[in-house]
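In what follows, a structure is listed as structure tokens, so that the remarks can point back to it.
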Amino acid sequence: EKAVSTKQMKVFFIVKASESEYWQIVLNGAEKAAKHFGVTLIHQEPTTEADVSKQVAILETAISTHPDAIVIAPTVADALVPGIEHAMKMGIPVIIIDSAANTDMYVSFLASNNYKIGQAAADKMAELLAEKNGEPKGEVALITFMSGVGSLEQRKAGFIDRLKEKYPKIKLVAVRDAQGKQGNTIGITQDLLTAFPNLDGIYASNQYTGDEMVRALDMMGRKDLATVAVDSGAQEVWGLKNGYLDAILVQRPWIMGYAGVAYAIMARNGVPLGKNIDTGIVVVTPEMLKSGAADEVLDPINYHKDW
Amino acid sequence: MKKVKFNTQMILFLVVIALWIFLAVSSEYFLTYSNIRNIMRQMAIQGVLAVGMVVVIITAGIDLSVGSVVALVNIMLSKMLAGHVSISLAIFIVLIISTGVGLINGIVIYDFGVPAFIATLAMMTIARGATLLISGGSNVFGLPRSVANFASSDFLGIPTLFWFLIITVIVMELILRKTRFGKYVYALGSNPEAARLSGVDLRIVTYGVYALAGFLWGIGGILETTRLWMGVPTTGTGYELDAIAAAVLGGASLFGAEGSALGAFFGALVMITIYNGAVLLNINPFWQRIIVGIILVVIVAIDQFRKKKSND
Amino acid sequence: MKKVKFNTQMILFLVVIALWIFLAVSSEYFLTYSNIRNIMRQMAIQGVLAVGMVVVIITAGIDLSVGSVVALVNIMLSKMLAGHVSISLAIFIVLIISTGVGLINGIVIYDFGVPAFIATLAMMTIARGATLLISGGSNVFGLPRSVANFASSDFLGIPTLFWFLIITVIVMELILRKTRFGKYVYALGSNPEAARLSGVDLRIVTYGVYALAGFLWGIGGILETTRLWMGVPTTGTGYELDAIAAAVLGGASLFGAEGSALGAFFGALVMITIYNGAVLLNINPFWQRIIVGIILVVIVAIDQFRKKKSND
Amino acid sequence: MPSPFFNGGEDVQNIYAIELKGISKYFPGVQALKNVDFRLERGEIKALIGENGAGKSTLIKILTGAYFADEGEIYIFGKRIERMTPIISEKLGISAVYQNLVLAPHLTVAENIFLNDLPSKLSFVSENVLNQMAKEVLKKLEYDHIIDPREKVKNLSVAHQGIVAIGRAISKNAKIVIFDEPTAVLTSKETDELFRIIRELKKEGVSVIYISHRLEEIFEICDKAYVLKDGQFVIEKDIKETNEDELISYMVGRKLRKDFYVLRKKGKEILKVENLENRKLKNCSFNLLEGEIVGLYGLVGSGRTELVRAIFGADKIDRGNIYINGSLKYITNTLKGINNKLALIPEDRRNQGLALKLSVKENINLPIYRKISRFGFVNSKKEKQIAQDFVEKLNIKTPDIYKTVKNLSGGNQQKVVIAKWLASNAKVFIMDEPTNGIDVGAKEEIYSIMNELAKNGASILFISSYMPELMGICDRILVMNSGKIVANIPREEFNEEKILAYAIKSSIVEEVDSK
Ligand SMILES: Nc1ncnc2c1ncn2[C@@H]1O[C@H](COP(=O)(O)OP(=O)(O)OP(=O)(O)O)[C@@H](O)[C@H]1O
Ligand SMILES: Nc1ncnc2c1ncn2[C@@H]1O[C@H](COP(=O)(O)OP(=O)(O)OP(=O)(O)O)[C@@H](O)[C@H]1O
Ligand SMILES: [Mg+2]
Ligand SMILES: [Mg+2]
């Protein structure tokens, strides 16, 4: 196909959910890119990550509007495949971000690996327990926001598998599920600490659970636990600063959004692109926080504001 | 001089027409063959569920377990298909199970006297728990490609999925309006005591209604599986509110004895049209919610106004 | 010979006692001062919302907007507090707004004749949309430390949050049982036509009920804000089902004229106890859902059985 | 209609259609029936009489399986029925017209009549056959031109709903038909039709149980009278060997007065209605004086209910004026009606009069909470006192004032509706069929309360389809016909034929007019 000037280009951008800080950051990156390159960005998304079929519907509708490229973060690996393949067959290049789809028919895949996040969390937890107990051993608990959500299941699996493989002395005593409701994790954390008085560490696998775990520890004044969380919620960062949290594992959603649009533009105009790109994860510790080394990953919207 | 009498379905039909004209004018993509087919495909599942829900609502009941049962069916079917069970056997099994779940709802409601809201709320969490247990909380992959192809296939130029909805609407409309069972359903919703004292076996009717609903959740779950082409244990969350909203939009009363399958169909159509239009017009998703809410209220208010006037 | 007459609250009370004994035996941590205080704190918000819901349910209405209004209040309050508005002014403003939202529900329901289910479903999506718009979809952080401290504070050895629930229950129980308004609320729920012919101004009662509910959602939102110590635009999802379940568990009937604030309190207590117990006993979260569902049905079935026996 | 249940028993002599032995039924706080024996022969019409709450409806509900007896045995055509259910009772050929009708309002007339027996092919209902069958049934009652089988029951007046309930009961070729106060909602014309039907049923060998508080009806069509008091059997009498006074003394335990009319001083005009019109009313004018009791008679559907609802502010008025104490009032809602010292006792107690799920106490106080509360708080002492007073005054049979109204007997529910409005300090009492389903003793109470109210200067507009009571107590009778007030007859000129003639004839006149 003929190259298209970016001024006339329309990029359809579909993330997993509108009601989430994480995806808002992705969208912010995408919008920045659209501004830089002058393309028209259309973004539509389901309200929650549980609503898979809504995302399928949006993808279908998007294809009907013949955009120049589609960027999508598939909520689940298979369901979006027919749509993605359909788009590719129609000559609409598809860039996949954040999570994989079970197909080869896409141009590029930009993501940080959720399973790796789980593994990294386990490693960090082991390191913290080693500091605390002299060796990587102790009782830990895991809190997931909602069972059955693909990325969260990956983060859970990575953590559990890694503990089994590498740290046999760390005992996972409880896996709790906030059942998709915000506010639940505070109670769960409190109850965990009651039920397991010897608990050494907690791993909260996303921002909602991380924020609320910090809040619960704050309410109970417990700074003694080894705690690892995922994402960079403000409460998590506060927890990191104030000793309630020892590390957060941060993805780079803003970069994902920005690069997603950039890749889409290049793909449309036939620029050869790498198929799988790891956007990486960053483990942020209180020390990094002080040094300012983590500013870019912790508050990307403000960091890139004047970019 | 005969006055045209409007009923809820007609009002909704006019609303749909108005929305479609508006969207056709606002977006060049709306009235394309491909988009109309999108709407049909997207509507199929929600429509089937809304039709099932209306039957329950007519008895002054409710079934909150719909989304969880869809998920249960989705996971079980996916597991079986991924495990190379024959498609027809797998479908047979999940329909038996979903109908059975509905029957249990009916038993809990009729024999234990538990209000439908609580009985089906409990079933909602139980079925979800079972779904998560079966799947271990993970997605199920590896379904035959034919399943996915089915979802995108057409029959006589109309998406196959939509045919399911058409058949469901026709069959349920026939059952509700023309059969003895249908009359009993309305009688139960209108005055259970009168029905009982007339010798209607309310147990059978209650069992029948919830089992029928369960069966339709099963159909919905099967269609969902073809569409998702995988098993997703969290699918179906929030479907109950959508289905109820479509049914009520279509003229069903939560106090029973009012409602029709055709109404539920139009209710679902209005909602899908709004969602589809919002994407085409690229309305900010946050504003979308506000607009959907307002449209919902306005449509029902218009219908209520008509009812009031025609009563005067 | 006087026979003890059981009512729903007493049944629930016995259930709570039974659960507590069971948990106290099964877990050494259950009956500790700190755990009891945890339960109280966790229960405060859900309890207040359940009490608000029961008032609406008594009129044969429903308010699905509860969770969204809690979120709206949470975000607005957080924005204001993070922006250094004085706490009392901010609280005053959010209470006005939440009460106003409730009043709008009342107007849509009474004056436009829109069924409560649809009216408040619409408000649910509208308020959520507004919340997301205001917050841009992001959390709001930077609230004064005093807000956080409030949530963990005690008064007379009892968590301050729980006092709010106690006061709410007492006040609402008084309103429902002792005031003219309360009598009208039940009358509206039992037979609106009879109430109207008895000179009850149904408009005022409807407005009052939904505004009162909105006010309580406001209180819930404020407590939620102190608990979260931040603004979370997606908080409150699913609260409507919890609140309704607690109210119905506490003896409220969705067909109106039955229910009490105390019942809702016990309903919420049962649910929180189950959740707390599940964590203490470290029950697999998937099984937990199944168990919660079964317990819910069993409790209501027992209560229905009692009702039937006392009626026969 | 052959049925497996009474095969073989058919031809045996001396087998009762119904035989009940030692039936007892307990409700919380009341024993509704105590060790009751009851027999009904084939082709017999037996009256079941007793005060409100005596247990009549409970007895028949046990027969139809609506309730389950705590003790006792039921034999139908000689066969012992272990556990009676509505389904079994239908199959046995028992059908009933219940006191509160129990119809499905959203279903059509035809569907209600044949609900458990819808004509169908392969379970598809044949609408045409169904409507035709319903038409046949209505024809038997001579209502085929008045009630459309396809109409929804909720759109019918209470009287017409009564006809539908009767139609349903007689449609099934039942062997035993039970009527629980059928005439309470009917006027004399329909009552005559009903009696004709009952006599036909008897001829066909059908057994009938007939419950009514109007004793002259019992003398007109029944063979025997069976008296219940406080849930116990008192006596059974051959109708030819007894008289009203005797039955009353068995029921009530005392003699009753016959004539209630009291000559009172009339005061100034308190209510004046001028040219009232709406979609059901045509140019209605009348007035009420202080101390006056004015009857309002008319056939079913003549618009009496419409008229009083419009005056009270429950329905819309298109044209016309209402004056209270000489000044023009715009009564656009019921609250204004109440504030203008009007009170309306509505005819349909279940739908308009009572909050069934609430207690006796709350129902009685509902219109006056405004008066007995301060700063919005209800004075519970007064609340209880008032409820208690009326329970005693009207002899409402309830274990206590906290009992849910739903669980009271029909007549006692009606008494609660009346008590509700007596408690208000209204000046104009509009009573739409207030004595519906009320026993003779209580009627006497109500008449004397009416007299008492009038003596104290109130004025009463008394709607009744039961002419003897209108003639017994009223100063004047207004007659309505097709939405018009067609006659205003003073007491001196009271004459049953004349009043009826106005109620019927002028409709003919009008038909001629319009042609
Ligand atoms: N479902 C019920 N629950 C509790 N008590 C009941 C119930 N039904 C009837 N009762 C009580 O049983 C007694 C007998 O009632 P029943 O309806 O048989 O009286 P009745 O003779 O038909 O009176 P009426 O002439 O007023 O219709 C009454 O005291 C009534 O309050
Ligand atoms: N809700 C309704 N819908 C339609 N028609 C109605 C309704 N209520 C009453 N009608 C009809 O209106 C007419 C007047 O009824 P209304 O009740 O005023 O008469 P009435 O003289 O009081 O007779 P009744 O003895 O039935 O009370 C009747 O023909 C009746 O069938
Ligand atoms: Mg009776
Ligand atoms: Mg009338």
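The values are calculated or read from the model by the stated rules, or taken from the named source; none is laboratory data. Predicted model only: the values in this text are computed from it and were never measured. Here the Cβ is made from the backbone with ideal geometry for all residues, glycine too, and neighbour counts use every protein chain on show. Areas reflect the complete protein model, heavy atoms only, side chains present, ligands, DNA and RNA absent. Shrake-Rupley method; radii C 1.70, N 1.55, O 1.52, S 1.80 Å.
Of the residues making up region A:142-183, those that are small (Gly, Ala, Ser) and not in a helix (DSSP H, G or I) are A:SER147, A:GLY148, A:ALA174, A:ALA178, A:GLY180, A:GLY183.
Considering region D:298-317, the residues that are part of a loop (DSSP other than H, G, I, E, B) and of a type in the set (Gly, Ala, Ser) include one that is farthest from ligand 1 (Cβ to nearest atom), namely D:GLY313.
Need at least 3 residues that are within 20 Å of the chain's Cα centre (by Cα) per element, so show me which helices (runs of 4 or more DSSP H) inside region A:256-307 make the cut, counting only ones lying wholly within it. Walk me through how you get there before you give the answer.
Numbers: elements: A:286-291, A:295-298, A:300-303.
The qualifying helices (runs of 4 or more DSSP H) are A:295-298, A:300-303.
All but one of (1) under 19 Å from D:VAL158 (Cβ atoms); (2) facing chain B (nearest Cβ under 10 Å) hold for D:SER89, so report the exception by its number. Among (1) under 19 Å from D:VAL158 (Cβ atoms); (2) facing chain B (nearest Cβ under 10 Å), the lone unmet condition for D:SER89 is (1). Answer with yes or no whether C:SER78 is open to solvent by less than 30 Å² (accessible area, probe 1.4 Å), touching a strand residue (DSSP E or B) at 6+ places or on another chain (Cβ under 6 Å), of a type in the set (S, T, N, Q) and farther than 30 Å from A:PRO197 by Cα. Yes, satisfied. Could you check region D:409-453 and list, in sequence order, the residues that are near ligand 1 (Cβ under 8 Å from one of its atoms) and within 27 Å of D:LEU335 (Cβ to Cβ)? Those that are near ligand 1 (Cβ under 8 Å from one of its atoms) and within 27 Å of D:LEU335 (Cβ to Cβ): D:GLN413, D:GLN414.
The set of residues from region C:248-303 being over 24 Å from A:GLY187 (Cα atoms), outside any helix (DSSP H, G or I), at the interface with another protein chain (Cβ under 8 Å from one of its Cβ atoms) and not charged (D, E, K, R) comprises C:SER253, C:LEU254, C:PHE255, C:GLY256, C:ALA257.
Give the residues of region D:120-143 that are open to solvent by 20 Å² or more (accessible area, probe 1.4 Å) and assigned to a loop (DSSP other than H, G, I, E, B), sorted by residue number.
If we filter region D:120-143 for residues that are open to solvent by 20 Å² or more (accessible area, probe 1.4 Å), which is where we start, we get D:120-124, D:126-129, D:131-133, D:135-136, D:139-140, D:142.
If the condition is that a residue be open to solvent by 20 Å² or more (accessible area, probe 1.4 Å) and assigned to a loop (DSSP other than H, G, I, E, B), then D:LEU122, D:SER123, D:SER126, D:GLU142 are the ones that fit.
Confirm whether C:ARG37 is charged (D, E, K, R), touching a Lys or Arg at 6+ places or on another chain (Cβ under 8 Å) and either at pLDDT below 95 or under 24 Å from C:GLY238 (Cα atoms) (or both). It is false that C:ARG37 is charged (D, E, K, R), touching a Lys or Arg at 6+ places or on another chain (Cβ under 8 Å) and either at pLDDT below 95 or under 24 Å from C:GLY238 (Cα atoms) (or both). Taken over region D:375-395, the criterion of being among the hydrophobic types (A, V, I, L, M, F, W, C) and either away from chain C (no Cβ under 14 Å) or in contact with a Lys or Arg (Cβ under 8 Å, 6 or more places away or on another chain) (or both) is satisfied by D:PHE377, D:VAL378, D:ALA387, D:PHE390, D:VAL391, D:LEU394.
Test C:VAL108 against the criterion of being more than 13 Å from chain A (Cβ to nearest Cβ), surrounded by 19 or more Cβ atoms within 10 Å (Cβ to Cβ) and of a type outside the set (D, E, K, R), and give yes or no. Against the criterion (more than 13 Å from chain A (Cβ to nearest Cβ), surrounded by 19 or more Cβ atoms within 10 Å (Cβ to Cβ) and of a type outside the set (D, E, K, R)), C:VAL108 qualifies.
Could you tell me whether D:SER482 is modelled with pLDDT under 90, away from ligand 2 (no atom under 16 Å from the Cβ), open to solvent by 30 Å² or more (accessible area, probe 1.4 Å) and more than 14 Å from every other protein chain (Cβ to nearest Cβ)? Spelling it out, it is not the case that D:SER482 is modelled with pLDDT under 90, away from ligand 2 (no atom under 16 Å from the Cβ), open to solvent by 30 Å² or more (accessible area, probe 1.4 Å) and more than 14 Å from every other protein chain (Cβ to nearest Cβ).
Out of all the residues in region D:287-295, is one or more within 16 Å of ligand 4 (Cβ to nearest atom), of a type in the set (Gly, Ala, Ser), in contact (Cβ under 8 Å) with a residue 60 or more places away in the chain and within 27 Å of D:LYS498 (Cβ to Cβ)? Yes, there is a match, as at least one residue in region D:287-295 is within 16 Å of ligand 4 (Cβ to nearest atom), of a type in the set (Gly, Ala, Ser), in contact (Cβ under 8 Å) with a residue 60 or more places away in the chain and within 27 Å of D:LYS498 (Cβ to Cβ). Kindly indicate whether A:VAL81 is within 18 Å of B:SER152 (Cα to Cα), buried (at least 24 other Cβ atoms within 10 Å of the Cβ) and within 11 Å of another protein chain (Cβ to nearest Cβ). Criteria not met by A:VAL81.
Has region A:194-210 got any residue that is farther than 30 Å from B:ALA71 by Cβ, outside any helix (DSSP H, G or I), within 9 Å of chain C (Cβ to nearest Cβ) and out of contact with any Gly (no Cβ under 6 Å at 6 or more places or on another chain)?
The initial filter retains those residues of region A:194-210 that are farther than 30 Å from B:ALA71 by Cβ, namely A:194, A:196-201.
Now restrict to residues that are outside any helix (DSSP H, G or I): A:196-201.
Among the residues that remain, those that are also within 9 Å of chain C (Cβ to nearest Cβ) are: A:196-197.
Within this subset, residues satisfying the condition of being out of contact with any Gly (no Cβ under 6 Å at 6 or more places or on another chain) are A:196-197.
Scanning region A:194-210 turns up at least one residue that is farther than 30 Å from B:ALA71 by Cβ, outside any helix (DSSP H, G or I), within 9 Å of chain C (Cβ to nearest Cβ) and out of contact with any Gly (no Cβ under 6 Å at 6 or more places or on another chain).
In contact (Cβ under 8 Å) with a residue 24 or more places away in the chain, away from chain C (no Cβ under 12 Å), within 14 Å of ligand 2 (Cβ to nearest atom) and under 29 Å from C:ALA187 (Cβ atoms): does that describe D:LEU271? For D:LEU271, the condition - in contact (Cβ under 8 Å) with a residue 24 or more places away in the chain, away from chain C (no Cβ under 12 Å), within 14 Å of ligand 2 (Cβ to nearest atom) and under 29 Å from C:ALA187 (Cβ atoms) - is not met. Candidates in region D:411-436 are the residues that are out of contact with any strand residue (DSSP E or B) (no Cβ under 9 Å at 6 or more places or on another chain) and of a type in the set (Gly, Ala, Ser); of these, the one that is farthest from ligand 4 (Cβ to nearest atom) is D:ALA423. One residue stands out in region A:63-78 among those that are surrounded by fewer than 24 Cβ atoms within 10 Å (Cβ to Cβ) and more than 7 Å from chain B (Cβ to nearest Cβ): the one that is nearest to A:ALA17 (Cα to Cα), namely A:ILE63.
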